[in-house]
Amino acid sequence: AYKSLKVATQLTPWADHARTFYLVFADAALATKHPEDAFAALEPFGADADYDVWTRRGHALFDMKNYNGAESAYCKAEYLAHTPEELNEVLAARIAVIKAQGHTAEALHFFTSKLTDGTLSSQGPANLAYLAAEAGDKRTAYQAFNAAFRRGELSGEKWIDAAYTARHVYRNPEAVLFFKKAIDAEKLGQYHLSPISLYGLRREVAEITRVWGAYATLNYGSSGISNASYLPPNTLGRTTQLGAELYWRPPVIGYRDGAIVEVFLRSYMTLSNTTYWATGPSSLQGNIGVRWKPLKRYNFVIEASKLFKIGQYSRDDMLLRAAISDGFGGSDLHVDVPSWWSGQYYAEGGRYMQYGENIADGELRFGRSYRVNQISDHLVMTPFVGLAANYDSYFGNPFALGTGPGLNTRFWFREDTYAAPRSYVDLTVQYRFHLVGDNRARGIFVGLSAAY
């Protein structure tokens, strides 16, 4: 269509009756990333053009990265705007020009000045919300979306924008309400989302509404390098460890737009090992503490906990830990495709303060995940190759590095109409070949866990 219109402009001389045709061509050129052609088509309108022309000139200059020219064109369009919708469009464009130059503080100041001088008095709450969000005024955006909700002016995809805005300002009850409204609206056909996008909304509901949770783990492997081991290492043998944890997210600070605070109570013990060290109740270790994920976009967690004796051979100590993990493909359930590539890394370091013991663990995994639909569309199997490293100053040979193939199987459950599955059972089996350091990097490693 753009090419055909371009040919037509070359055959159609400029005239007043051709105005609409030239505007349509400018729109087509902008939509197909040809801003130079759009700007050239608008030149015959001259300096006394109207709002429709000046906004398009601004869009063309913006796409050409001529920000000074775009700002000048948008200023003329603002003066010529006749309706709240036109004013909203051009003010949003002016904010975008300021932000495109890296001036986020100036964008917020520009919006605030327009808000205080009455320029935005004609804007409805929904329009005002989007302007505020574009400018970075999250609080005003939330208040405007909430006003639009009370006036019955939210529908379709606006529910999603309102939900995320509420989440950004830590209004979790309203965020959950708006996410649920968005899910209902999609099911009613008011707009369309892909399966993975709809699942993402349900995952938001599941995460925001979580107040408490629990873990249980059963691990077999070499002490000090077993997956998910929280017991102080005390033997070079092969061990089987059983553990459980209960955690709680305090009100107000528990979940703040992806930043998380959790208080936990943890207990682990050794069921068996291949050396002389204690097993059973005499090895039972207590642990109480708090962990904090301060960054909403990065899975970086710091933790402080108090170890306390329960069994005869457990210890009193203070443990400080920090961990980070990330990857692609994710560990969550994929509802849009039957299989996907996945890769993850995990690294942590810690210190037992009283014993002066330093620990560190790291793992890399790469594999392909398959949803086993023949059994359940909530069952995922992931064959992988992993590389695992461990450092423990307790051992004579503190470093160990191993690699090998493995298989992870995870079953998701406990979901409802609005929330994605909140719980899973996970089984990982891996054989690791010794690469460097201590021989504890070699052998079979098994981890069975349940998260509720």
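The values are calculated or read from the model by the stated rules, or taken from the named source; none is laboratory data. If you're wondering where the values come from, they're calculated on a predicted model, not measured in any experiment. All Cβ positions, even for glycine, are placed from backbone atoms using ideal geometry, and neighbour counts span all protein chains on display. To get the accessible areas, we keep the full protein, side chains included, count just its heavy atoms, and leave off ligands, DNA and RNA. Shrake-Rupley method; radii C 1.70, N 1.55, O 1.52, S 1.80 Å.
Numbers at a glance
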{"item": "Pairs where the first residue, in region 174-193, is within 13 Å of residue 164 (Cβ to Cβ) and the second is of a type outside the set (Gly, Ala, Ser) and in a loop (DSSP other than H, G, I, E, B), C-beta under 7 Å, 6+ apart", "result": "176/209"}
{"item": "Residue count, region 270-281 (criterion: farther than 16 Å from residue 243 by Cβ and of a type outside the set (Phe, Trp, Tyr))", "result": "2"}
{"item": "Failed item in (1) open to solvent by 20 Å² or more (accessible area, probe 1.4 Å); (2) within 30 Å of residue 195 (Cα to Cα); (3) of a type in the set (A, V, I, L, M), with residue 380 passing the rest", "result": "(1)"}
{"item": "Total residues in region 94-138, condition within 26 Å of the chain's Cα centre (by Cα) and acidic (Asp, Glu)", "result": "2"}
{"item": "Within region 71-85, tally of residues that are within 8 Å of residue 51 (Cα to Cα) and either outside any helix (DSSP H, G or I) or hydroxyl-bearing (Ser, Thr, Tyr) (or both)", "result": "1"}
{"item": "Number of the condition not met by residue 197 [criteria: (1) in a helix (DSSP H, G or I); (2) touching a helix residue (DSSP H, G or I) at 6+ places or on another chain (Cβ under 8 Å)]", "result": "(2)"}
{"item": "Residue among 107, 148, 175 that alone is open to solvent by less than 40 Å² (accessible area, probe 1.4 Å), in contact with a Lys or Arg (Cβ under 7 Å, 6 or more places away or on another chain) and farther than 26 Å from residue 253 by Cα", "result": "107"}
{"item": "Count - residues of region 312-352 that are of a type in the set (Ser, Thr, Tyr), more than 30 Å from residue 383 (Cα to Cα) and open to solvent by 30 Å² or more (accessible area, probe 1.4 Å)", "result": "1"}
{"item": "Residues being touching a helix residue (DSSP H, G or I) at 6+ places or on another chain (Cβ under 9 Å) and either open to solvent by 20 Å² or more (accessible area, probe 1.4 Å) or of a type in the set (S, T, N, Q) (or both) - total across region 151-172", "result": "14"}
{"item": "Tabulated pairs, region 287-303, first of a type in the set (Ser, Thr, Tyr), second in a strand (DSSP E or B), C-beta under 9 angstrom, 6+ apart or interchain", "result": "298/324; 298/326"}
{"item": "Count of residues meeting criterion [open to solvent by less than 30 Å² (accessible area, probe 1.4 Å) and either within 15 Å of residue 323 (Cβ to Cβ) or modelled with pLDDT of 95 or more (or both)] in region 353-375", "result": "5"}
{"item": "Total residues in region 45-57, condition over 13 Å from residue 86 (Cβ atoms) and either open to solvent by less than 60 Å² (accessible area, probe 1.4 Å) or within 46 Å of the chain's Cα centre (by Cα) (or both)", "result": "4"}
{"item": "Boolean, residue 142 is crowded, with 19+ Cβ neighbours inside 10 Å, touching a Lys or Arg at 6+ places or on another chain (Cβ under 8 Å) and of a type in the set (Phe, Trp, Tyr)", "result": "yes"}
{"item": "Residue satisfying all of: in region 30-39; within 16 Å of residue 73 (Cβ to Cβ) and open to solvent by 50 Å² or more (accessible area, probe 1.4 Å); farthest from the chain's Cα centre (by Cα) among these", "result": "39"}
{"item": "Scan of region 139-172 for residues that are within 18 Å of the chain's Cα centre (by Cα) and among the charged types (D, E, K, R), ordered by number", "result": "161, 167, 171"}
{"item": "Residue within region 118-131 that is open to solvent by less than 60 Å² (accessible area, probe 1.4 Å) and closer than 22 Å to residue 201 by Cβ present", "result": "yes"}
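Okay, residues lined up against (1) over 17 Å from residue 408 (Cα atoms); (2) among the aromatic types (Phe, Trp, Tyr):
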{"residue": "309", "(1), (2)": "yes, no"}
{"residue": "314", "(1), (2)": "yes, no"}
{"residue": "319", "(1), (2)": "yes, no"}
{"residue": "329", "(1), (2)": "no, no"}
{"residue": "339", "(1), (2)": "no, no"}
{"residue": "344", "(1), (2)": "no, no"}
{"residue": "348", "(1), (2)": "yes, no"}
{"residue": "358", "(1), (2)": "yes, no"}
{"residue": "366", "(1), (2)": "no, yes"}
